[in-house]
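First comes the structure, then the notes that go with it.
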Amino acid sequence: MSTFQLLLLIITAVVFYLFFRQLFSEDHPKRGVDFEAKVADEQIGGINRPDKVFSTPTIEPTRMTQLLQMADDAVEKKDYEEAQKALGSALIIEKDNKDALQKMGFVCVQNEAYNEAKEHYEHLLSLEEENDLAHASLANTLHKLKEDDNAIKHHERAIELDTEYAPHYFNYANTLYDLERNEEALIKYKEAYALDNSLEEAQKMITKLSK
């Protein structure tokens, strides 16, 4: 072997040694490590590569949520016909939706569709019997329909479920007053006012019936 061949062999060996030392050293970047997010929800990418940024997609509202919002917006504008349409569509999607049933009952009352309101409140109570507001609303609706015996039962059930809610007593008092049961009505007006002295109408009725 000539001196030149020996020198070439030594140079080749040194080059291979340096190459493999770098390859297996910790300084050499491992596949994928450079692009790992530090936390689970951190975006991968960044300012330099906005096309490579991945984030959680925005959750679109459901059709039910949209319809309920449409109904709320319509009620705010006192457009009860439009609200009834939106809630009707909502109940086609989910006939046992409690929120939609409660709102539909209210809207039907505003539209003087008392029989429909009655149906929706009764449906709601079949799903949630201890809903005091539904009992009170049904009681007021039944009173409109002249079904006063049942109205009184639901007034009393509403009070039984929430004894601290003044409007239950006030609504019951109004029904009793309409039925000319003035002594009983006076008692309920007093109970309502005792719970909430901001009820000016209750105070006026107390004064009127106390004469």
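I'd like the residue in the range 183-198 that is under 32 Å from the mean Cα position of the chain (by Cα) and assigned to a helix (DSSP H, G or I) and, out of all such residues, is surrounded by the most Cβ atoms within 10 Å (Cβ to Cβ).
Filtering the range 183-198 for residues under 32 Å from the mean Cα position of the chain (by Cα) gives 192-193, 195-198.
Pick out the ones that are also assigned to a helix (DSSP H, G or I) and you get 192-193, 195.
Working: A192: 26, Y193: 22, L195: 17.
This residue is A192.
Scan the range 133-140 and give yes if some residue there is within 21 Å of F170 (Cα to Cα) and touching a Gly at 6+ places or on another chain (Cβ under 7 Å), otherwise no. Before the answer, list the steps.
Start the filter on the range 133-140 by keeping residues that are within 21 Å of F170 (Cα to Cα), which leaves 133-140.
From the residues that got through so far, the ones that are touching a Gly at 6+ places or on another chain (Cβ under 7 Å) too are 137.
Yes, some residue in the range 133-140 is within 21 Å of F170 (Cα to Cα) and touching a Gly at 6+ places or on another chain (Cβ under 7 Å).
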In the range 92-145, anything part of a helix (DSSP H, G or I) and touching a Phe, Trp or Tyr at 6+ places or on another chain (Cβ under 6 Å) is listed as G105, V107, Q110, A134, S137, L138, T141, K144
Of these, L124, L91, which one is more than 30 Å from A185 (Cβ to Cβ) and touching a Leu at 6+ places or on another chain (Cβ under 9 Å)? L91
Determine which single condition E201 fails, assuming it passes every other condition in (1) in contact with a Leu (Cβ under 9 Å, 6 or more places away or on another chain); (2) part of a helix (DSSP H, G or I); (3) surrounded by fewer than 14 Cβ atoms within 10 Å (Cβ to Cβ). (1)
If K211 satisfies all but one of (1) at pLDDT below 95; (2) among the charged types (D, E, K, R); (3) closer than 30 Å to L67 by Cβ, what's the number of the condition it fails? (3)
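Conditions tested, residue by residue: (1) surrounded by fewer than 17 Cβ atoms within 10 Å (Cβ to Cβ); (2) outside the structural domain of E81 (by the TED database); (3) among the aromatic types (F, W, Y).
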position	(1), (2), (3)
K118	no, no, no
A158	no, yes, no
T163	yes, yes, no
I206	no, yes, no
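The values are calculated or read from the model by the stated rules, or taken from the named source; none is laboratory data. Because the structure is predicted, anything quoted here is derived from the model rather than measured. Cβ sites come from the backbone with ideal geometry, for glycine too, and all protein chains shown count toward neighbours.
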